[in-house]
Amino acid sequence: MRISGLSLLLSIAVASLPVLAADIGTVGPTYEIAEPDLIDVIKSKLDRMSRTGELARKQSEYRDRVVQVIESPKSITGIRTTQSPRTFHVNPSMVLARDIRDNTGQLLFAKGTQVNPLEVVSLSKRLVFFDGGDARQVAFAKQALGSAGAGTKPILVGGQPLKLMRSWKRPVYFDQGGTLVKRLGIQQVPAIVSQDGKRLRIDEVRP
């Protein structure tokens with residue numbers, strides 16, 4: 001029989017205690033433990049919900065919520081339509097929080113090393129950030145995609161990505177939680193991100 005380390009320690013601790021035995025009399029009335037099995041309680045509740053139709057309704061409500069989240073993700077707050085166009089650069093260098101190894105286990109970069117990803121790989125596609133709820137921005141992004149062909153990746157900060165995917169017949173991405181716009185310092189959209197040497201160039205432009 002396999003005993004966990006914690007169980008073994010507890011067993012040793014209990015076994016090492018001095019044994020004291022004494023008749024202290026009857027402290028109070030005693031009762032048998034009659035707590036229902038948790039699994040039986042859950043099964044009983046599910047059977048009741050199934051009979052009344054409540055289970056099917058809950059499943060339908062959950063499915064609808066999941067579809068709604070996928071179809072219309074929460075828009076990123078703090079991002080506005082470009083009013084004052086600007087261009088700036090971002091150094092993507094970062095200090096590694098862990099070792100980076102290749103598929104054979106060979107160490108590529110040690111934890112604590114400052115690395116610029118653009119010194120290792122190039123940005124293969126420019127990125128276009130835009131709000132899918134703004135018709136002008138959607139038209140701008142579509143034109144940008146058409147002029148650059150497969151060399152551009154559309155990324156939404158608001159709107160319905162699946163609806164655009166069905167319309168454009170190509171992948172459309174969503175910056176969940178605003179991770180990318182925060183990392184890049186984007187405050188206005190549409191914004192175009194491209195590589196400029198070992199830096200990233202961000203152009204916030206009017207739609």
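The values are calculated or read from the model by the stated rules, or taken from the named source; none is laboratory data. None of the values given here were measured: they were computed from a predicted structure. Heads up, the Cβs are rebuilt from the backbone with ideal geometry, glycines too, and the neighbour counts pull from every protein chain shown.
So here's what we get for this one:
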item: Where a residue in segment 168-186 is over 13 Å from residue 153 (Cα atoms) and in contact (Cβ under 8 Å) with a residue 40 or more places away in the chain and its partner, wherever it lies, is surrounded by 13 or more Cβ atoms within 10 Å (Cβ to Cβ) and among the polar types (S, T, N, Q), with Cβ under 9 Å and at least six apart; result: 181/187
item: Filter pass, residue 86 being in the same structural domain as residue 194 (by TED's automatic domain parsing), touching a Ser or Thr at 6+ places or on another chain (Cβ under 9 Å) and surrounded by 10 or more Cβ atoms within 10 Å (Cβ to Cβ); result: no
item: Count of residues meeting criterion [within 12 Å of residue 87 (Cα to Cα), of a type in the set (Gly, Ala, Ser) and part of a loop (DSSP other than H, G, I, E, B)] in segment 158-207; result: 1
item: Restricting segment 143-157 to residues that are in a helix (DSSP H, G or I) and not aliphatic (A, V, I, L, M), the residue that is modelled with the lowest pLDDT; result: 149
item: Residue selected from segment 53-95 under the condition in a helix (DSSP H, G or I), of a type in the set (Lys, Arg) and farther than 27 Å from residue 171 by Cβ, by the criterion modelled with the highest pLDDT; result: 57
